[in-house]
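Okay, structure first, notes after.
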Amino acid sequence: MANTACFIIVSRNDIPIYEAEVGSAMKKEEAAQQHQFILHAALDIVEDLAWTTSAMFLKAVDKFNDLVVSVYVTAGHTRFMLLHDSRNEDGIKSFFQEVQELYIKILLNPLYLPGSRITSSHFDTKVRALARKYL
Amino acid sequence: MDPLRSYLGRLLQEEITPVIMVLSTPLVEDACQTNGLNFIELLLPFSVFNKINVPVRTASDQPYRLQMFKLRLAYASDIHLQNYEAAEEHLKKVVLDASQKTLTDLISEPPQLENLLKNSESDLCPSWIETFNKELIRTLSFSEHETFDHPVACLLVVSSKDEQPINRFVDILNTNQLPSLLSDGVMDPKVLKHYLLLHDNQDGSPEKITSILAEMRNTYGSNCKLLCINSAQSANGNGKDIQWMPYGSHVLRNDDIACFLSTDDINAVRDFMLDLSSNYVIPHVEQKIRILNQQVAATRKGFRNQIKNLWWRKGKEDTPETANGPIYTFSSIESQIRVLADYAFMLRDYELALSNYRLLSTDYKLDKAWKRYAGVQEMTGLCYFMLDQSRKDSEYCMESAFTTYLKIGSSSQRNASRCGLWWAEMLKARGQFKDAANIYFRISNEEPSLLAAVMLEQASYCYLLSSPPMLRKYGFHLVLAGNRYYMSDQRHHAIRAYRNALFVYKQNGWTYISDHVHYNVGRWYSFIGILDVAVKHMLEVLACSHQSLATQNMFLNDFFHIVQSMGKKFEVYKLRLPVINMASLKVLYEDFRTYASPSDVHVSESLWQSLEEELVPSASTGRSNWLDSQIKSSSSKRNDESPVCVAGESVVVDLEFINPLQVSISVSEISLICELMAKSKEPDTGSASHTAPEEDSELKDSPSCRDSNSDGSFTLSKLDVVLGGGETKRIQLEVSPKIEGLLKISGVRWTLSDIVVGYQYFEFDSKNKEKKGRRARRSLSHNLSFIVIKGLPKLDACIQHLPKKVYAGDLRLLLLELHNQSEFSVKNIKMKISHPRYLIPGNMEDLEMDFPECLEKQKSSGSKETPANVMLKFKNLLFSFPDDATIQGGTNFTWPLWFHAGLSGRISLYISIYYEVASCSSDMKYRILRMHHDLEVLPSLDVSFQISPCESSLEEYFVRMDILNRTKSETFSLNQLSCVGNLWEILALPESLSMQPVQTLLAGQALSCFFKLKDCRKVINTEGEVTLQGSDLLMISHSCKEAMIDVSRSPLAEFHQHERFHQGKSAKGDSSIVDFILISKMQGNGPVFEPGMQPKLLSYHACHCSISSRCPLSWQMNGPRMINHDFSGSFCEANFHLRIHSCSDAAVIIRLTTYDTLPEKNQSSDGVKLSDSAENEGGWHDISLVNDMKVLSSVHGNRPKKSSVDTLSPFVWCATSSTKLKLEPLCTTEISLKICLFAAGTYDLSNYELHWEVKPLEEGIAGVSSSGTVHGHPFYLTVLHAPR
C-alpha cells in the first residue's frame, strides 16, 4: 500500500464530490490542503490531456516533487484523481476501473443528483477497501 | 520570432558584453562626486550604443556591421566573484525595495480574472522581477570558469589635480587593487590600456591640461584622452533627461545629480565613450579573435590535432577528480578557446562561438572539469538560441548545463539558477510557457526560500501566459510563492501573491484550499496592520466544519484576536457562524387564533378549522352567505396580504441555529431586527410594494445604523445560548409591538462570543414562499410585515392535573382554568372538544364536591332530568358556557372537565375555546383559544361479557364476565358491576353456587365471574328508549363500606353514551342488548402515577352485549315431576305445558314436533350447536367453558340415554304430534302436551323438536330471515306405581 495516497472525485463542474485520504501514512494537518492544492492544479493538465486521447485512464499526468497525480476520466467527464507516491500503474488502473463501477452504482441511485457530493458510507468503505487492495 | 529581438536576446546583448576595468584616483572620484555620481556612473549612461553601426570582421573574411553595442564598466576592486552572503543580501534588498511599492496595492481589491487576462505579457509580471533576474545574473559575474566577464580593456583615470599625473597612471596600475583573478593567472594580464585625464573645469582653465596631455601622449602613446567636466557654473538641468542611475546605486536620487554638467560636458563624455568602443575596444577584440582563431586552428583543428589531443588527454585520466577540474591558466589552450568563443559571442559571431564552444565542451568533459563543462554547455545552448537553430539541441545543452551545475553541489547552485533563468527565458521566447514554468519550478527547488519565491512567482505568470491559461497552476504556484515569501519574512509579497491567487479559488468545494488561502491572507493582513481586510478574509474560514478540532480552534482564536485588536464592535453581514437554517424559519403569531402553548401551533390548521366549524362565525371558515357582510367590511379583511397581529402580544419567529464546528461557541443577544411604522406614518394604500425599492438599499446597512427602536415602540426578546460542537438549536425570538401600525420583521442579529455582531436579513424568493405558506400554515408575505391592531383581550388556558399517561378506564375530574390577562372582559364563551369520548365538560356543581363522592349514589334521586340533558349534549358537541360567564380583565375562571380514558393508545385532544370581546369597538370581534394535549392511554383491564340463556327460567340469563389485567404492576380491585338501563337487572348468583367473591386482580391475572341477569322488560317497547336507571351490584364484600357509584348520573352516563357510540356494531334492536359498566379501583400506586393520591377510579364500559344466542327462542316445560299411578287399572296420562318465549324482535313461526322414538344421532346435537355458537362469539379467549358445558351436558344426558334404551318407547305422545304457531316479538305462549305412560319409571321427555323461522319485520327488507331446529331440554318425569 502506498505511503501517501489521496483519492478525489471531481465533478464536471470542477467541484470535488468525494475525498478520501487512503494512504497508510499518518494524516497530517497540512497534508490535506497540500493534496488538494496539487490535485486542483493538476486539473489544468487533465483539461489538456483528456481530449487528446480516447483512453479513460490518463496515467500519471502531473507530479509535484515526489507525488504523482494519476487521473481517470469517465465518459461524463467526472475525473477520478489519485495522488500517490508509488509507481504501480496496473494497480492504479484496476483501482480506477473498480471505483468507476461503484460510481456508476451511485449514479444509478435515483435520489442522487449528479454532481452533488457523494455521502454514501457504503461507497466510502468500498473505495477504501479497493485502495487497500490495489494501491 | 527573431531571437535577437526577444527578451533573452536583448538581455544577452546587454549582459554578455566586453568589460572595461576602471582604475581611478581618489581625486577623480571627488570631482565626480560634486555631481553626486562616481566615475563609472558618470560614464554609464553612455556605455550603451543602440546604433553604433561599425563594421566588424572576425575569423571569416566577410565583414558585417554591428548595430547595438554595450560596454560594461567595473572598478578593478569589484572584479571578483561576490561571496554568497553578500549576494544574498543584495537580492533581498531588491525584493524589499519592491515590497515598499506594493503596499498601496494591498488595500485595493484583489484582481479578477477578466482584468488579469486583459493585461499584456509585460504588465503581468511585476517589473521588479526583471530587475531581480538581472541582479541575480550579475551576482555571478567574474567567475573563474567563464571569460566573458574578463576585462577586455583597462581604463586608467587620473585627475588633473593629481600631482604628477603621469606617474599616477603607473602607480594605480601597480597597486594591489588589481583583481585576484589577474594575479591567479586566470585572466590575461595583457589587456588594452586606455589613459584618461579628467579635468574639473571649476578648478581652473585647461591651459595646464594640454601640456599634461601632451606629456601623456609622449609616454603612453596615442590612446590618451582628456575629459573635462563640471563646466556649468551653477546647477542646471542639462542632465535631467538622462537616466543616470543604474539599479542598486548607493547614492540617493536627488536633484543635485549631474547639476554641474553642461551640455558640452555630456557630449564630451558621450564622444569619449563612442571613441573608446568603436576605435579601441572593438578593433582590439576583433584582432584578438583573429589571433586566437589562428592559434586554435593550428593546435586543435584538423584530423592530426584531434588524434593528438585525444591521446594526450587520455594520459591525464588518472588525475583525481576535483569539483572544478584541473586549473587552467590563461595561456592554456582551453582558456584560449574559451576566450575566443566568448569574444566571438560578444561580437555576435555566433557561428564561430558555437564551433569553439563545442570543441571546448568535449575537452572539458574528458578532463571532468564539470563546472567549466557546464558553463560551456550553457553558452552553447545560448548560441543555438541566438542562431535560432535546432531547438532540441539548445534545450539539450541547457538541460545538461543545468543538471551538471546541480551535480557539482552547492558552490555552483547559483550558476544553475542563472542557467535556468536563461533557459526559461529561451522557452518563453519560443512560446513554451508551460516548459518555462517547469524550469522556474526546478530552480525554486534548489534555492533558498526568497529566491524560490521569486522563481515560483515567475512560474505562475508563465502558466497564466500559456494558452489556454492554466489558472489553477497559476494559483497553486502563486500560493507556493506566497508561502516562500512568508518564510523569508516578505509579508507584503506573500499577501500580494496570495490575493492574486484568490480568484482562482473562488469556486466552492475545494474547502481546504480556500480555508488555507483565506486564513493566511487574513493573518498576514493583520500582521501588517490592515485589520479590516484581515477580518474580511478571516470571515471566510469560520464555517470550517471539515477541519480538525485543533484547526477550528486556531481559526476561531485568530479571528477573535484580530477583531479584538480592532478595538470596536464589529458588525458582519451574513456572519457564517453560527449557520442559520433559513428553511426552518417559522413565524408564529396570534390574530384571532390564539394558542395555549407554543406546541399547539404545529397542529395543522385544517384540523382546527374542522373542529371550529360550528364554533366561529361562518365568514372565517370561507363560507359566504348573506350574514357575513359585516365581517367582510371589517378591517381585518382590508389587507389580505399582510397578516394581523395584536399590539401587546408577541410575534414569535422560530429559527434553527446550527454550529458547524466541533468547538462550542457562545452566541448571545440573539434578537430580531424589526421596524415599526406607527399608524399615522403608514401610507394610505398600505401596500408593501410602495416600500420595496428602498428595501434593497437598506439591506446593505448594518442594523445598528437603522435601529428604529429608539422610541420604544416595540420590545425585542434577547436570548443567550451556547451551542456545543455540531449542535442545532431551535430558537424562538419574540417581538411585541406596543402601538398600532405596520410591523416589519426584516432579519436577525446576534453576537458571537461577545465580540462580533452578525446579522442576516430574511430573504424569500417566490418559490420558497409558496412552499412555506403551505407547510407552515401561514402565508408568509414578502418581508414579513404585520399589521398591528389595537390591543385585544386574550385568554390563557390550562387544564390542571391532566396526566400524560393514564390507564384505560381512568375516570377523573379536571379543572379548566381560563385566565384573562388583559383589562377587557370577554363574553359568550363556547368550547368544543375533539374527542368527547375522553373529555367532556362538567357542571358547575361538580366543583363543589370531592371527586369520588360526587359520583356516588345519593339517597334523593333528584336527578331524573339529567338523561334528557345528556342526550342533548351528545348530539351537539358544542358546549356553551352559561350566558353569564364573562371573564373580567385580569381574573380567572375555572370550569370542571371530566376525563375518561376510553381506549388504550395515543390520543391527541384538541380543544377550541371561542370567546367574544365585550367591547365591540375593536377590529376583531372574536378570538379562539386553541389547546392541544397529547396523552398516552395504557391498557389496564380487558373486560368481556358472555350471556347465555338460563335454562331454568325464561327471564334469567347467565352472565359470564372475563377480566384480564394487562398491566405490568398494577393491582385492581373490582368494585361494582352495573348494567345500564332499567330493562335489566344484574344479580349475584346464589351464595352456594357462586365462587368466593374476588376483590383484587393482580397484574397479569385473569378472572371469570358469573352473574345472573334478570329480564325486566315488562312491556314490549318498540321505541327502545334507553333510560339510564340501571341496576348495580356491589362486588366487594359487604363488610367494606363502599358506596355505590351512580352510573346514571352526569359524567358516567355521558361517557357511557360515547362508549356506546364508539363501540357500536350493527345495532340490531335495542332490547336484546345489555350494556355493562364495571367500576374498579386501582390499589397500588404504580410508578407512573404520583403517589399519595386516593385510589384511582376506573370504569369500563362494555356495550352491546347481546343476550341472544342463535336460537331466538327460550322455552320451558311445565308440568308434574312425579306421578303416582296405579298401572293395574289403566295407563297413565300426564299433561304438560310448553312455555315458549321469543327473544326476537321479529315474528317467529314455530313448529313443535314430537317423536316417540328419538333418533340416536341427534342426541347431543344441541350441545354441539351451543358450543359452535360459543366459539363464534367474539371476546372469548378461554374455551375451557365450552368443554365444561359439554361435560355438563353429557353428564346430564347419560342417564336418560340408558334408560331410554332400556325402555324403548315407554310412553307415547298423544294429542297433536305437530303444532304450528306464530309468535309475535317478545311474546310468550303456551302449548299443551300430553303423554301416555304404560309403566312406572323415570322418563326423559326431551324427544321433541322445535323448528323456528324468523320472519323479517316487513316484506321487502332483505335480511334476517333465518330458521333452525332445536331439541327439547331434558325433562324428567318419575312415575311411581301406586297400587290402590
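Quick note: the coordinates plus some simple rules give every number you see, no bench work behind them. These numbers were taken from a predicted model, which means no experiment stands behind them. FYI the Cβ positions are ideal-geometry reconstructions off the backbone, even for glycines, and counts take in every protein chain you see.
Farthest toward the dipole's positive end in region B:329-568, which of B:Tyr350, B:Ala436, B:Gly567, given Cβ charges of +1 (Lys, Arg) and -1 (Asp, Glu) about the Cα centre?
B:Gly567
Would you mind computing, in nm to one decimal, how far apart the modelled labels at B:Lys1222 and B:Asn279 are, each placed 7 Å from Cα along Cα→Cβ?
16.3
With r as the distance between the Cβ atoms of B:Lys804 and A:Glu30 and R0 = 56 Å, compute the FRET efficiency 1/(1 + (r/R0)^6) and round to 0.05.
Approximately 0.55, to the nearest 0.05.
At 7 Å along the Cα-to-beta-carbon direction for both B:Thr403 and A:Arg87, put a label point, then send me their distance in nm to one decimal.
1.4
Using 0.36 nm per residue of separation minus the Cα-Cα distance, give me the extension gain between B:Gln389 and B:Leu878 in nm, one decimal.
165.5 nm
Kindly provide the helix-only [θ] at 222 nm of chain A, computed as the sum of -39,500 (n - 2.57) over DSSP H runs of four or more divided by all residues, to the nearest 500 deg cm²/dmol?
The per-residue figure over chain A is -14000 deg cm²/dmol.
Nearest 20 debye, what's the magnitude of the dipole of region A:10-80 about its Cα centre given +1 on Lys and Arg Cβ and -1 on Asp and Glu Cβ?
220
Across all directions of projection, what mean area in square nanometres is found for the Cα convex hull of region B:40-173?
So the Cα hull casts an average projection of 14.9 nm².
With respect to the cross-link table entries B:Lys473/B:Lys729; B:Lys92/B:Lys428; B:Lys92/B:Lys365; B:Lys190/B:Lys407; B:Lys301/B:Lys392; B:Lys586/B:Lys925, which display a Cα-Cα separation exceeding 31 Å?
With Cα atoms farther than 31 Å apart: B:Lys473/B:Lys729; B:Lys92/B:Lys365; B:Lys190/B:Lys407.
Taking only the Cα atoms of region B:329-568, how large is their convex hull per residue, in Å³?
Cα convex hull per residue, to the nearest whole number: 149 Å³.
Starting from the Cα of B:His546, step 7 Å along the direction of its Cβ; do the same at B:Trp312; then give the gap between the two resulting points in nm.
6.8
I want to verify the translational diffusion coefficient of region B:402-464 in µm²/s; compute it with Stokes-Einstein, Rh as the Kirkwood radius over Cα pairs, at 10 °C and 1.306 mPa s.
140
Could you compute the FRET efficiency for A:Arg12 and B:Ser664, with r as their C-beta to C-beta distance and R0 at 35 Å, rounded to 0.05?
Working from the Cβ atoms, E equals 0.35.
In Å and whole numbers, how far do the C-alpha atoms of chain A stretch along each principal axis, longest first?
That gives 41, 34, 27 Å along the principal axes, largest extent first.
Name all residues of region B:280-298 having a backbone nitrogen under 18 Å from the label point set 7 Å from the Cα of B:Arg57 along its Cα→Cβ direction, giving them as ranges.
Once the point is set 7 Å along Cα→Cβ of B:Arg57, B:280-295 turn out to lie under 18 Å by backbone N, inside region B:280-298.
Kindly rank B:786-798, B:335-347 from highest to lowest mean number of other beta carbons found within 10 Å of each residue.
For the peptides B:786-798, B:335-347, the packing ranking is B:335-347, B:786-798.
Assuming R0 = 51 Å, what is the FRET efficiency of B:Ala86 and B:Asn508, from their Cβ-Cβ distance, to the nearest 0.05?
0.60
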